[in-house]
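This report refers to the structure that appears directly beneath it.
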Amino acid sequence: MDAVTKEKLKLAQRFKKENKIDEAEEIYREYWETSQEDFSEFDKTTFSWILYNKYIKNNEDIDEILETTELITELKKQEDQSKGIKYPCPYTLSVIKLLEYLNKNNDFEDVLIWAEMLNPNYLSAKASDFNGRKYPSPKEKYYSQVTKALLKLDEIDRCYEMSKEALELEELTEDIWFKWRLAKCANELGEYDEAIGYLKEIMARKPDWYIKAEIANSYYFNGDFDNALSYAIDAALTPAPSESKVNVYSLIADLVEDEYPEEALQHRYLEYSIRLNKEWNIEDRLTEKIKEAGLDTENTEYWKIEKELKPFWNSFKYKDQDLKYGIISSIFSHGKSGFIEGEDGKSYYFVKYDFKGRNEDFKEYTSVSFYIEERLDKKKGVMKPNAVNINTMD
């Protein structure tokens, strides 16, 4: 190494210590292009951290992240942190961040290419702890990004195996999405009972409409049409944009076609109207059904059709329950939830979106009718009966 190069690299190190990041980066870039052999491991590490903090850590520009990660993987090798982390590894942090943004950008094949740059056996499986909250380990992040890409690419066997491996990590902070991918894979593999098992575990903690819809699909393909209909209707009634649930409406139509042909047609009309409103593709056979029924083929007001179908959904969802009665006994100060005192002497928690009456009637001592649904008490982590489908006693 000549004297000028030696002094310049020392200057870059001093600039870094003095937080003159741009000046340090300029020197490192210049000499990396011409004198890579003169870089010590310390220089490479310092330059890598400059690049990571400036162009990757809080950046959302996929091109800059990609270009910088390419440079960092030239500068450094992946460090073996499987036995514990004394110092973070800029190589590992950069590649994992790149995987995340490639997934966000739907570049799933590139995710798998870049995942090959990491040796998972070198990744730490220890979750980090900040202000009492656990954050996923590098190994969990790796499995999360790779299994997501594999599922998107329909690489079902690999996704299934890697998701299974992920569930065995020592410090797993979140298992829901791995179980979701296992359920999706199990459905593709025809293992419907296994899929239903994972999905019900998820639903106990995350009772979202799409979880219920996936359970409905699993039961449908497993030939259990009663349970399929029950979960499909539950999904239809769970709050979410109507257009998100277009396939749920189609499934319900298929399931009730024989016994309730008029309601089946209404569901097909709802699907048709949503697709027309959103300018989505409409299959010819669906259009023909709507025309044959003499329905308005220009109707885009799908919310009106949905409103007409809600009594039908409710009649199915609560068919095994007796309607309960009571009064709103208390409403919390934030106005989003409260308790109903039932005629049976029990107190039932409820949330405002389950109240179907007028806003002026949402107050204490209003007489109401309601049904019961088991929902997760997130604070206690247990299922509890909630008052739902609450109507005023006019």
Worksheet, complete the sentence: Cβ density ranking, 10 Å radius, fewest first, applied to SER35, SER333, SER40 yields SER333, SER40, SER35
Worksheet item: Taking amide H positions as placed 1.01 Å from N in the peptide plane, with prolines and chain starts having none, which residues 5 or more places from ASN386, or on another chain, fall under 5 Å of its amide H?
Response: GLU373, GLU374, ARG375
Practice prompt. At a Cα cut-off below 24 Å, give the lysines reachable from LYS384, other chains included and same-chain residues fewer than 8 away excluded.
Written response: LYS179, LYS200, LYS206, LYS212, LYS317, LYS319, LYS324, LYS336, LYS346, LYS352, LYS356, LYS363
Worksheet item: In the Gaussian network model of the chain, springs joining C-alpha atoms below 10 Å, which of MET117, MET203, MET162 carries the largest mean-square fluctuation?
Response: MET117
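For THR73, THR34, what ranking results if the residue with the fewest other Cβ atoms within 10 Å of its Cβ goes first? It would help to have the intermediate numbers written out before the result.
Values: THR73 19, THR34 9.
With the sparsest Cβ surroundings first, the list reads THR34, THR73.
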Discussion item. Taking 25 Å as R0, compute the FRET efficiency from the Cβ-Cβ separation of ASP296 and TYR260 and round it to 0.05.
Written reply: 0.70
Discussion item. To make sure I understand the rule: partners must be lysines, Cα under 17 Å from the Cα of LYS126, and not fewer than 8 residues away in the same chain. Which ones qualify?
Written reply: LYS83, LYS86, LYS134, LYS139, LYS141
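How charged is the neighbourhood of GLY357? Take every other residue with its Cβ under 12 Å from the Cβ of GLY357, and add Lys/Arg as +1 and Asp/Glu as -1.
On the way: positive: LYS352, LYS356, ARG358, LYS363; negative: ASP354, GLU360, ASP361, ASP394.
Within the 12 Å Cβ shell, the charges total 0.
Using the membrane-span-like helix rule (whole DSSP H runs, Cα extent along the own axis of at least 24 Å, mean Kyte-Doolittle hydropathy at least 0.0), which helices of the chain qualify? Please report the intermediate quantities before stating the final value.
On the way: long enough: 261-278 (26 Å, -1.16).
For the chain, where a helix must reach 24 Å along its axis and average at least 0.0, there are no hits.
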Worksheet item: Which of the GluC sites (Glu not before Pro) found in the range 1-92 are loop residues per DSSP with 13 or fewer other Cβ atoms within 10 Å of their Cβ?
Response: GLU18, GLU60
Worksheet item: Gaussian network model of the chain, Cα springs within a sub-10 Å range: biggest mean-square fluctuation belongs to which of ILE113, ILE56, ILE156?
Response: ILE113
Item to complete: Take the chain, connect every pair of alpha-carbon atoms lying under 10 Å apart with a spring to form a Gaussian network, then pick out the residue of TYR325, TYR101, TYR231 with the largest mean-square fluctuation.
Response: TYR325
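Report the FRET efficiency, 1/(1 + (r/R0)^6), for TYR365 and GLU171, where r is their Cβ-Cβ distance and R0 is 56 Å, rounded to 0.05.
On the way: r = 50 Å, r/R0 = 0.89.
That gives a FRET efficiency of 0.65.
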Fill in: Residue order, fewest to most beta carbons within 10 Å, for TYR349, TYR31, TYR272
TYR349, TYR31, TYR272
Practice prompt. Excluding residues on the same chain fewer than 8 positions from LYS307, give the aspartates and glutamates whose Cα lies under 19 Å from its Cα.
Written response: ASP234, GLU243, GLU262, GLU263, GLU271, ASP296, GLU298, ASP354
Worksheet item: What span do the alpha-carbon atoms of the chain cover on each of the three principal axes, reported in whole Å from largest to smallest?
Response: 91, 52, 38
Item to complete: Enter the Cα centre distance for the pair the range 6-70 and the range 157-194, rounded to the nearest angstrom.
Response: 40 Å
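The numbers here are math on the coordinates, done by the rules we state, and not lab data. Bear in mind that the values here come from a model prediction, so they are computed numbers and not experimental data. Note that each Cβ is placed from the backbone with ideal geometry, even for glycine, and that neighbours are counted across all protein chains shown.
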